[in-house]
1. Name the residue that is farthest from LEU271 (Cα to Cα), counting only residues in region 178-188 that are outside any strand (DSSP E or B) and either at pLDDT below 95 or open to solvent by less than 30 Å² (accessible area, probe 1.4 Å) (or both).
2. Which of the following residues is charged (D, E, K, R), under 19 Å from the mean Cα position of the chain (by Cα) and within 30 Å of ALA38 (Cβ to Cβ): ARG235, ARG185?
3. Cβ-Cβ distance below 9 Å, separation of 6 or more or different chains: which pairs start in region 210-222 with a residue that is in contact (Cβ under 8 Å) with a residue 60 or more places away in the chain and open to solvent by 10 Å² or more (accessible area, probe 1.4 Å) and end on one that is of a type in the set (Asp, Glu) and in a loop (DSSP other than H, G, I, E, B)?
4. Hey, among VAL50, VAL26, which residue is at pLDDT 95 or above and either within 19 Å of the chain's Cα centre (by Cα) or farther than 13 Å from ASP8 by Cα (or both)?
5. Pick from region 130-149 the residues that are open to solvent by less than 40 Å² (accessible area, probe 1.4 Å) and of a type in the set (A, V, I, L, M, F, W, C): which of them is farthest from the chain's Cα centre (by Cα)?
6. Among the residues of region 303-321, count how many are under 16 Å from the mean Cα position of the chain (by Cα), closer than 16 Å to GLY240 by Cα and of a type in the set (A, V, I, L, M).
7. Please state which of the following conditions TYR175 fails to meet, knowing it meets all the rest: (1) open to solvent by less than 20 Å² (accessible area, probe 1.4 Å); (2) over 14 Å from VAL278 (Cα atoms); (3) of a type in the set (Ser, Thr, Tyr).
8. Can you tell me how many residues within region 54-77 are free of Cβ contacts under 8 Å to residues at least 24 places away in the same chain and either among the aliphatic types (A, V, I, L, M) or open to solvent by less than 40 Å² (accessible area, probe 1.4 Å) (or both)?
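The values are calculated or read from the model by the stated rules, or taken from the named source; none is laboratory data. The structure displayed is predicted, hence computed values, not measured ones. With ideal geometry, Cβ positions are generated from the backbone for all residues, glycine too; neighbour counts draw on all protein chains shown. Side chains are part of the model used for accessible areas, which takes the heavy atoms of the whole protein and leaves out ligands, DNA and RNA. Shrake-Rupley method; radii C 1.70, N 1.55, O 1.52, S 1.80 Å.
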Amino acid sequence: MNIFQFRDVGGARAVGVVEDGTARRVNGAESVYHLAMAAIAEGETLTAIVADHGLGESLDHAAILAEGRMLAPIDHPDPAHLYVTGTGLTHLGSAATRDAMHKEAASGAGETLTDSMKMFRMGLEGGKPKPGETGVQPEWFYKGNGYTVVAPGQPIPSPAFARDAGEEPEIAGIYVIDADGQPRRLGFAIANEFSDHVTERVNYLYLAHSKLRACSFGPELRIGDLPAHIEGTSRILRGGKAIWEKPFLSGEDNMSHTIANLEYHHFKYDLFRTPGDVHVHMFGTATLSFADGVKTLEGDVFEISEDQFGLPLRNPVHIEADRPPKLTALY
């Protein structure tokens, strides 16, 4: 079962589910977050709490998306309590592009093995630990909070100071933290971990800057375990025509880390186990248009799709006007 959030024709928030290709409204539900917290409080599963509410009218969820009424498949009443984070160099093909970027930046420095390749090899050797063992920790980054999440179909803003506006097709794990401070996984969604790869290429220490951008995920949240093999398509549309298109692979069959190992190394920090918080954690990718020399323009549309996750995730690029901070002293 997939679940999604939207606004009805009157503007009210609502929740829908998709089963066997048919979408229906969840009676009396306005928020996936509140459904999840109710399930935790009542000792039920998310699927069971949806069944308790019951299903109402049939929905054309493709039309909802096309009309701009789709919301992210989970949000938080206070956006500051939704964390967006991620891990990199987690996929079997992910090292090549990153290694090339950083070798170019380090040319002439006498380096023969970049930090990216070292990290990737660590994942190959220790990212899938045996039961009862702790695997090697991955690269990790902070991306933003609920204020940086863009709804499916809406423009992804790229700040005026950015040097690149590039997609990253990924799978995101979706979690809420229960009253005991333990993460509870709701499921997984397609995500666009939008980044600035030119800034990152300048120096690997700029990775943190390059990740502080908006993102999008959904439209649907797939309730259940992540399939071992995921094969989707990432494309960029310009004027309605594809200017770049490639498959992307994910799932543990195509990764150097297990999902459990990535989850452990994120949630081992007490900071990320605050009751009531939401976490959207992105698991990395091996496919980038940037690696093929593509430079996106205002109005280009990112499209990421994989049938097991329902409707495709589409977002146009919007280049923002410069908005420099105006700092004043309060003393």
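1. Restricting attention to region 178-188, the residues satisfying the condition of being outside any strand (DSSP E or B) are 178-182.
Now drop any that are not either at pLDDT below 95 or open to solvent by less than 30 Å² (accessible area, probe 1.4 Å) (or both), which leaves 178, 181.
Values: ASP178: 14, GLY181: 10 Å.
My answer is ASP178.
2. Working: ARG235 fails: within 30 Å of ALA38 (Cβ to Cβ).
From the options ARG235, ARG185, the qualifying one is ARG185.
3. LEU212/ASP196; ARG213/GLU193; ARG213/ASP196
4. Working: VAL26 fails: either within 19 Å of the chain's Cα centre (by Cα) or farther than 13 Å from ASP8 by Cα (or both).
Of the residues listed, the single one that is at pLDDT 95 or above and either within 19 Å of the chain's Cα centre (by Cα) or farther than 13 Å from ASP8 by Cα (or both) is VAL50.
5. VAL136
6. Counting residues in region 303-321 that are under 16 Å from the mean Cα position of the chain (by Cα), closer than 16 Å to GLY240 by Cα and of a type in the set (A, V, I, L, M) gives 2.
7. Against the list (1) open to solvent by less than 20 Å² (accessible area, probe 1.4 Å); (2) over 14 Å from VAL278 (Cα atoms); (3) of a type in the set (Ser, Thr, Tyr), TYR175 comes up short only on (2).
8. Step one: filter region 54-77 for residues free of Cβ contacts under 8 Å to residues at least 24 places away in the same chain, giving 63, 67.
Now restrict to residues that are either among the aliphatic types (A, V, I, L, M) or open to solvent by less than 40 Å² (accessible area, probe 1.4 Å) (or both): 63.
Number satisfying all stated conditions: 1.
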